[in-house]
């Protein structure tokens, strides 16, 4: 038995293992829709390898030759679909359908051509190269935020795959691929072709598994750092994100302002109208905060009715405008109809980042400003401004706390 047969047998086992692995990921992760397509791709790939293994053991059967070609073509197509779903891109259904149908038709029409013909070899391998190029384009179209080191490796792998399929006809022309299926499987070309294919199968499978595991880990982290009711970051998630923004701002010398917001009379809303209405008010305010804050701001629900917003690259005047918009937005929100007799309002405390300041310091000053806003009538925004006369940056001097 030739070396190509042994490589085929090993690759069949590898394909089945990856098909099973992706199926497990699809079952255990709700977001891994792409894993279903990848499992189907490796399952179809295993079928192709079985047919490739059987083909040389049979007399020449044109239908079996077409089945071998088509099964691998479908495996590559399913892989493209899995990639598209992973990057949340619209699958190129029409393009893929056109490639598959045209390729199968050309394959059928070229069956009577000599197996060692360079033209036939190019027609045979070109569709596979085209599908690899489509995969490259999908990775390039992925949002920049979703392209990391693994994605760049995947991009390189698909590029190498496309080059491999284009190089195969030239290699076959140089060293010969055999005039029949039986001659092919015992040729040096078959051993090289199957071995390189096995390497790409393993590399692609491992990379895609790592990419999906990375996505699952990111999803779990996001869930653990997200408040279910408001959809904003919870306290832990806010602090993690805020520390990242703070470090970047200090490194680049950027301005940054922290806002703490507390819904006024929220206990009265819960006591008079029930917790379900209170939850609606919490969700409504979170929506207002999202609408008013900058897209790159870190937003969190850091307490029962207390929220935080860290706005990078923004000085106090701009954030004061945001605070006014938030106050206006919650007072005019339709959810106010659910709490007759209680005006929806919010008090806010602001603190602008100072050189070498820590997050805890900013939050302390913003909290003091918030308390001042509550103590002096609510429904207002106050700024904790450092006083040059105060030895302690958190000094409780009234002139350090001003309404904005």
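Some notes on this structure:
- Checking residue 334 against (1) more than 19 Å from residue 403 (Cα to Cα); (2) at pLDDT 95 or above, the condition it does not meet: (2)
- Any chance residue 113 is outside any helix (DSSP H, G or I) and surrounded by fewer than 17 Cβ atoms within 10 Å (Cβ to Cβ): yes
- Counted residues, segment 296-316 - those being free of Cβ contacts under 8 Å to residues at least 40 places away in the same chain and more than 26 Å from the chain's Cα centre (by Cα): 1
- Extreme residue, modelled with the lowest pLDDT, among residues of segment 171-181 that are more than 9 Å from residue 116 (Cα to Cα) and touching a helix residue (DSSP H, G or I) at 6+ places or on another chain (Cβ under 8 Å): 181
- Residue pairs whose Cβ atoms lie under 9 Å apart, sitting 6 or more positions apart in sequence or on different chains, and linking a residue in segment 331-358 that is in contact (Cβ under 8 Å) with a residue 60 or more places away in the chain to a partner that is loosely packed, with under 12 Cβ neighbours inside 10 Å and not in a helix (DSSP H, G or I), are 344/332; 347/377; 355/253.
- Residue in segment 203-215 that is under 30 Å from residue 310 (Cβ atoms), touching a residue at least 12 places away in the same chain (Cβ under 8 Å) and under 34 Å from the mean Cα position of the chain (by Cα) present: yes
- Candidates 77, 70: the one that is at pLDDT 95 or above, closer than 23 Å to residue 133 by Cβ and within 22 Å of the chain's Cα centre (by Cα) is 77.
- If the condition is being crowded, with 23+ Cβ neighbours inside 10 Å and either in a helix (DSSP H, G or I) or not assigned by TED's automatic domain parsing to the domain that holds residue 83 (or both), then segment 9-36 contributes 11, 15, 18, 22, 34, 35.
- Taken over segment 373-394, the criterion of being modelled with pLDDT under 50 and either in contact with a helix residue (DSSP H, G or I) (Cβ under 8 Å, 6 or more places away or on another chain) or surrounded by 17 or more Cβ atoms within 10 Å (Cβ to Cβ) (or both) is satisfied by 390, 393, 394.
- For segment 295-314, a residue qualifies if it is surrounded by fewer than 15 Cβ atoms within 10 Å (Cβ to Cβ) and under 18 Å from residue 258 (Cβ atoms), and the qualifying residues are 295, 296, 303.
- For segment 336-366, a residue qualifies if it is out of contact with any helix residue (DSSP H, G or I) (no Cβ under 9 Å at 6 or more places or on another chain) and more than 19 Å from residue 383 (Cα to Cα), and exactly one does: 337.
The values are calculated or read from the model by the stated rules, or taken from the named source; none is laboratory data. All of these numbers come straight from a predicted model, not from anything done at the bench. Note that we place each Cβ from the backbone using ideal geometry, even for glycine, and neighbour counts take in every protein chain shown.
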